[in-house]
């Protein structure tokens, strides 16, 4: 689905990460993880085209996203749904209008159908009844959930979530995990999540990449449940075990 | 009541053989006096501490110890310094403070650039500002082109709101300032003209000055401060909240969506406001005229004779360009603003300064062009 080759990300002369090579398969729930400030959100921004790589290329289903000129990228972008860290809802619009905007723009549905879809998406994230509230009138956590609802508005093929669980209470976080699993199973969406929440990572992710702050490149890729005990990289095991890792990994299962 | 002497904080270094001992005594408190340091400055960290006479302490003591240890231990050396002799709770605090080595990359080396370097950096920045304004203006023009071909998308509700905010809501301040400008022009002009017995020509003075220059330029400057700043602040806040990125990733073009309605609103409203300002300014002059016994009807007729259609048109023509400058500067600074609240404030200031500069420079250019064309 998504291939990343030799990606180097930099802000001017400061290299955030170099030589990243990984694949995200269709229907993966792929987690981008790493220490604070290692460039997880930056990687996400590169994947969705908000930043250009210093080196390397990104492919979507074999097509080169990086070399496609900006005006032609609409084709790719239509298949994404993006949720930003603090929701990034358009502050002059109500929640309903926020979710309706991508629908009005990209579909021919009439107003009634759009309203129904909007209510449905809000219900999925537990915000029924808040259609006419403005983003400033609801809490930060609710803003995030509304952002997720908006990201899902067009039933995207690939859903990108930037720290969806941060700031959510454990029950909301669990509900979000269930929602993500359901989306993958019923719609066949691929989900790419930047997150720290170990509970969620182990519950739903089947593939991941660990960005190492020290070496400034990838530490490991694979299923976090395997990496926790069997990764050869101590930093990865330490991260996934919350600091309890022993210095030797247990051997991989046959 | 000041603590008595025996509780004064004191640190004493002693060297014996290779061993360095640091004796800590007294009360080390934030509200107390500065510690007294005795003994020769050490070259290596203490091998042992003596805290027999140590009284109460708060974070002043571990802060002092940390600073001492940092200055004595060479960077990136692995053995942890000895903490023997310190009371257990202090040991815990010191271990915590020493646990994560200082991120040497993170420390901002204070740079002291020479004046030449500063001048160089300033020029480079100035040049890149000019480039980004040119690029932004180009994008805005492309957006306008898309609009006329019916391909630009923005919310019409946004457009009407912006139009009202730029147009109708600006009337009070434009009225006040134009009226006073007209008044002042007439008053100052009359001081000279009266000595020739030519007070009537105040009408010509005010009419031509307002219509050709003052109406347009003052209105543009008012709108810079009012509307240009508002655009910068709105877009700057949206940028900080990632709302503009969200527009991009949902397939909307931020230029079409945000900049275009603002530019169109100003292009429509500036000529109207300018005409209005001209009228109100002439009215102000008329009041002064009345005060020097020029009947309003006479004043008006004189004004009409002096101000021909060309003059009027030139002012309105310039106002359209000024409107574009205000929109471009405001929106550019907003979209390129940084992510902090201070950044939004800076963006607003830069927007206003840039648009006022642009307006005056363009006005001078027009003055030159019109002179050459003999208009």
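Annotations
- Residue that is surrounded by the fewest Cβ atoms within 10 Å (Cβ to Cβ), among those in segment B:306-324 that are without any contact (Cβ under 8 Å) to a residue 40 or more places away in the chain and in a helix (DSSP H, G or I): B:309
- Filter result for residue B:313 (on the phi < 0 side of the Ramachandran plot and more than 14 Å from chain A (Cβ to nearest Cβ)): yes
- Selection over segment B:148-163 of residues that are away from every other protein chain (no Cβ under 14 Å) and either at negative phi or in contact (Cβ under 8 Å) with a residue 12 or more places away in the chain (or both) gives a count of 3.
- Looking only at segment A:12-49, and only at residues there that are without any contact (Cβ under 8 Å) to a residue 24 or more places away in the chain and in a strand (DSSP E or B), the one that is nearest to the other protein chains (Cβ to nearest Cβ): A:14
- Tally of residues being within 25 Å of residue B:152 (Cβ to Cβ) and in a helix (DSSP H, G or I) across segment A:59-109: 19
- The combined condition, being within 12 Å of chain A (Cβ to nearest Cβ), over 16 Å from residue B:214 (Cβ atoms) and either in contact with a helix residue (DSSP H, G or I) (Cβ under 9 Å, 6 or more places away or on another chain) or not in a helix (DSSP H, G or I) (or both), is fulfilled by residue B:248.
- Residue count for segment A:52-72 satisfying the condition of being crowded, with 17+ Cβ neighbours inside 10 Å and touching a residue at least 24 places away in the same chain (Cβ under 8 Å): 5.
- Residue within segment B:256-268 that is more than 14 Å from every other protein chain (Cβ to nearest Cβ), in a helix (DSSP H, G or I), under 30 Å from residue A:161 (Cβ atoms) and touching a residue at least 60 places away in the same chain (Cβ under 8 Å) present: yes
- Some residue of segment B:46-68 being in the same structural domain as residue B:82 (by TED's automatic domain parsing), assigned to a loop (DSSP other than H, G, I, E, B) and more than 19 Å from residue B:90 (Cβ to Cβ): no
- Residue match in segment B:205-222 (condition: under 30 Å from residue B:339 (Cα atoms) and either in contact with a strand residue (DSSP E or B) (Cβ under 9 Å, 6 or more places away or on another chain) or within 14 Å of another protein chain (Cβ to nearest Cβ) (or both)): no
Conditions (1) assigned to a helix (DSSP H, G or I); (2) at positive phi; (3) in contact with a helix residue (DSSP H, G or I) (Cβ under 7 Å, 6 or more places away or on another chain), marked per residue:
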| site | (1), (2), (3) |
| --- | --- |
| A:115 | yes, no, no |
| A:122 | yes, no, yes |
| A:133 | no, no, yes |
| A:144 | yes, no, no |
| A:150 | yes, no, yes |
| A:154 | no, no, yes |
| A:159 | no, no, yes |
| A:173 | yes, no, yes |
| A:184 | yes, no, no |
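- Set A:110, A:106: member being surrounded by fewer than 16 Cβ atoms within 10 Å (Cβ to Cβ), within 12 Å of another protein chain (Cβ to nearest Cβ) and either touching a helix residue (DSSP H, G or I) at 6+ places or on another chain (Cβ under 9 Å) or farther than 21 Å from residue A:193 by Cβ (or both): A:106
The values are calculated or read from the model by the stated rules, or taken from the named source; none is laboratory data. No experiment lies behind these values; they were computed from the predicted model shown. Here the Cβ is made from the backbone with ideal geometry for all residues, glycine too, and neighbour counts use every protein chain on show.
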